[in-house]
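The values are calculated or read from the model by the stated rules, or taken from the named source; none is laboratory data. What you see is a predicted model, and the numbers here were worked out from it, not measured in a lab. In this analysis, Cβ positions are derived from the backbone assuming ideal geometry, glycine residues included, and neighbour counts consider all displayed protein chains.
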Amino acid sequence: MSASEYTFNVASSCTKCSACSHVCPSGIIVMTADGPTLPNAKICIRCGHCVAVCPVGALDLSLTPLANQKPIDATLGIDSERAEQFLRSRRSIRSYRKKEVAAADLTRLLEVAHYAPSGGNTQSVSYVVINKREILGKLSALTLDWITEMSKVNASMRSYSNLISISRETGTDVIFRGAPALVVAVGSRKMPIVRDNARFSLAYAELFAPTLGLGTCWAGFFEMCSSAYNKEVYDLLGLSEEQMVVGALMVGYPKYHFKRLADRNALDLRFL
Ligand SMILES: Cc1cc2nc3c(=O)[nH]c(=O)nc-3n(C[C@H](O)[C@H](O)[C@H](O)COP(=O)(O)O)c2cc1C
């Protein structure tokens, strides 16, 4: 639906509290004596804030319909202690069980991940999931070849020569760590912000994964290799030249479970 064809309905239950107008990021909801109005939705980013914030459910905007908004269940909230443990117990998983991940679980993972924030609510990230060992093997080998070539000309890539030796000598998959699935985030090359959008959605996926019994790890080497535009990789993924790999996550069932929360560098923080 284009932003010029829309309906903005305000039920008689509206209390004229102005919350819808205050939360609108584009500032296009105008309060009148009769309640909120939306004279022009051209710059509406369809974030759904106006509809979601109404305490009495009086507002409906066809660009982001009330019927598509699920009520928030306040009883499902978590306290900060639980939240801290949940966030800190997320770890990169590099040892996976030899168990396939069902397509339904991968879909559920990305269904939640795609609710992550995006610049201007552009969203704009699509996903390709590879859960075939044969294709993963080819992508891993292409990435390793790329690292090998890059390490000849790039000093920082030379520090990974250890990984190359391990892989060549033992056949260990140092790129995808034996993960049975890879989620690749894809965006348009014409949209610079898409990489940031992808980062947030994959971070959501990382955090949600343990609730499905899954573990993840960023596939940074693969991403570097493919975002440099590697035709063979793009052909395997079925991507065009206009598209770009903007992030990738290995996904699978963890072989080990961490029992402690690891420390990080001391927080570097200043108040001004
Ligand atoms: C953008 C990004 C790329 C990464 N790429 C890789 C990778 O290619 N291979 C790998 O084993 N880990 C990769 N990691 C995982 C980091 O090494 C890991 O996040 C870090 O060591 C902290 O450990 P933790 O995630 O378990 O807390 C990547 C992480 C990020 C954020």
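Quick look at the values:
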quantity: Filter result for F271 (among the aromatic types (F, W, Y) and in contact (Cβ under 8 Å) with a residue 40 or more places away in the chain); calculated: no
quantity: Residues located in region 221-250, provided they are in contact (Cβ under 8 Å) with a residue 24 or more places away in the chain, of a type in the set (G, A, S) and surrounded by fewer than 18 Cβ atoms within 10 Å (Cβ to Cβ); calculated: A228, G238
quantity: The lone exception for P192 - which of (1) modelled with pLDDT under 95; (2) within 14 Å of the ligand (Cβ to nearest atom); (3) more than 25 Å from S140 (Cβ to Cβ) it fails; calculated: (2)
quantity: Test: residue in region 215-237 that is polar (S, T, N, Q), more than 15 Å from the ligand (Cβ to nearest atom) and modelled with pLDDT of 95 or more; calculated: no
quantity: Matching residues, region 104-119, being loosely packed, with under 15 Cβ neighbours inside 10 Å and either over 18 Å from T211 (Cβ atoms) or touching an Asp or Glu at 6+ places or on another chain (Cβ under 8 Å) (or both); calculated: P117
quantity: Residues satisfying the stated conditions in region 40-78, i.e. surrounded by fewer than 14 Cβ atoms within 10 Å (Cβ to Cβ) and either in contact with a strand residue (DSSP E or B) (Cβ under 6 Å, 6 or more places away or on another chain) or among the charged types (D, E, K, R) (or both); calculated: K42, K70, D73
quantity: Selection within region 50-79 - acidic (D, E) and either modelled with pLDDT under 95 or in a loop (DSSP other than H, G, I, E, B) (or both); calculated: D73, D79
quantity: Candidate set from region 251-261 (those that are within 16 Å of the ligand (Cβ to nearest atom), over 16 Å from V128 (Cα atoms) and in contact (Cβ under 8 Å) with a residue 40 or more places away in the chain); member that is surrounded by the most Cβ atoms within 10 Å (Cβ to Cβ); calculated: P254
quantity: In region 88-109, the residues that are of a type in the set (D, E, K, R), assigned to a loop (DSSP other than H, G, I, E, B) and within 16 Å of the ligand (Cβ to nearest atom); calculated: R90, R91, R94
quantity: Among the residues listed as S95, S151, S165, the single one being more than 22 Å from Q243 (Cβ to Cβ), surrounded by fewer than 17 Cβ atoms within 10 Å (Cβ to Cβ), without any contact (Cβ under 8 Å) to a residue 24 or more places away in the chain and not hydrophobic (A, V, I, L, M, F, W, C); calculated: S165
